[in-house]
Amino acid sequence: PIGAPKYTLKRVWLTKEEENGYYYGFSNQIMWPLCHVVYVRPKFSESDWDYYRKVNQKFARAIVDEAGEEKTLVFLQDYHLSICARYIKEMNPKITTVLFWHIPWPNPEIFRICPWKHEILQGMLANDILGFHLKYHCDNFLKTVGYEMEAKIYNEKSAVIREAKTTYVYNYPISVDF
């Protein structure tokens, strides 16, 4: 509130082209239908993927600029920022990142048609914790990683170890209890 601020709001401005490619293009015409298993083929566009990467880098840069060299917890929200943690960790590995994925995670057979599946999975595995609504979505994600990447999957711990980095994958049925 004005006069008694509890947090600082930092806006990240996007150009109209970034908004169209990142949000309306990649996020809503590729990721959303792919993960919801709608029976319309996602519109895979290299240009939209380029904007998606660029905007995730832009958010990562803003986060790291704000955090500085401090050890910080960053909570990322939803499929719009699936690769942001990777860029954050490249700039400041001391930052702990948690990504909560608000939409379903499809089975591996559905996700494998995405041309950028490895980059998306690498970006998500850069997080320290991944959250999904349902255990079923966690299981689908772990299976997808198992099929698509060189990694150790520990189902009993709900964890993935890849390149000496551990990512825990948990379900939060309603939302994250921050």
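Across the alpha-carbon set of the stretch 102-178, the Rg to Rh ratio works out to 0.94, Rh being the Kirkwood radius. Please compare each pair in Lys6/Lys165; Lys71/Lys152; Lys89/Lys152; Lys94/Lys135; Lys16/Lys58 to a cut-off of 25 Å on the Cα-Cα distance and tell me which ones are over it. Cα-Cα > 25 Å for Lys6/Lys165; Lys71/Lys152; Lys94/Lys135; rest within. A cut-off of 5 Å between modelled amide H atoms, ignoring neighbours fewer than 5 places along the same chain, links His133 with Tyr172. Computed packing ranks the peptides 35-48, 156-169 as 156-169, 35-48, most packed first, by mean other Cβ atoms within 10 Å. How big is D for the chain, in µm² s⁻¹ as a whole number, if Stokes-Einstein is applied with the Kirkwood radius of its Cα pairs at 10 °C and 1.306 mPa s? Translational D for this selection: 94 µm²/s. For the stretch 127-167, the Kirkwood hydrodynamic radius from C-alpha pairs, put into Stokes-Einstein at 10 °C and a viscosity of 1.306 mPa s, yields a diffusion coefficient of 153 µm² per second. Once the mean of 1/r is taken over each pair of separate Cα atoms and inverted, the stretch 1-46 shows a Kirkwood hydrodynamic radius of 13.0 Å. The amide H of Ile103, built 1.01 Å from its N in the peptide plane, has Tyr79 as neighbours under 5 Å, considering only residues 5 or more places off or on other chains. The distance linking the stretch 39-69 with the stretch 82-160 is 16 Å (Cα centroid to Cα centroid, whole angstrom). Note: relative contact order over the chain, using C-alpha pairs below 8 Å and six or more positions apart, is 17 percent. Amide H to amide H distances under 5 Å link Thr97 with Val74, Asp128, Ile129, where only residues 5 or more positions off or on other chains count and H is placed in the peptide plane.
The Kirkwood hydrodynamic radius of the stretch 1-96, based on inverse pair distances between different Cα atoms, is 14.7 Å. Accessible area of His118 (1.4 Å probe, protein heavy atoms only, ligands and nucleic acids ignored): about 70 Å². The slack between Phe75 and Tyr154, meaning 0.36 nm per residue of separation minus the straight C-alpha distance, is 26.1 nm.
For the chain, the mean residue ellipticity at 222 nm estimated from helices alone is -10500 deg cm²/dmol, where every DSSP H run of n ≥ 4 contributes -39500 (n - 2.57) and the total is divided by all residues, rounded to the nearest 500.
The values are calculated or read from the model by the stated rules, or taken from the named source; none is laboratory data. All figures in this text were calculated on a predicted structure; none of them were measured in a lab. Virtual Cβ from ideal backbone geometry, glycine too; neighbours counted across all protein chains shown. In case anyone asks, the SASA skips ligands and DNA or RNA and just uses the protein heavy atoms, side chains included. Shrake-Rupley method; radii C 1.70, N 1.55, O 1.52, S 1.80 Å.
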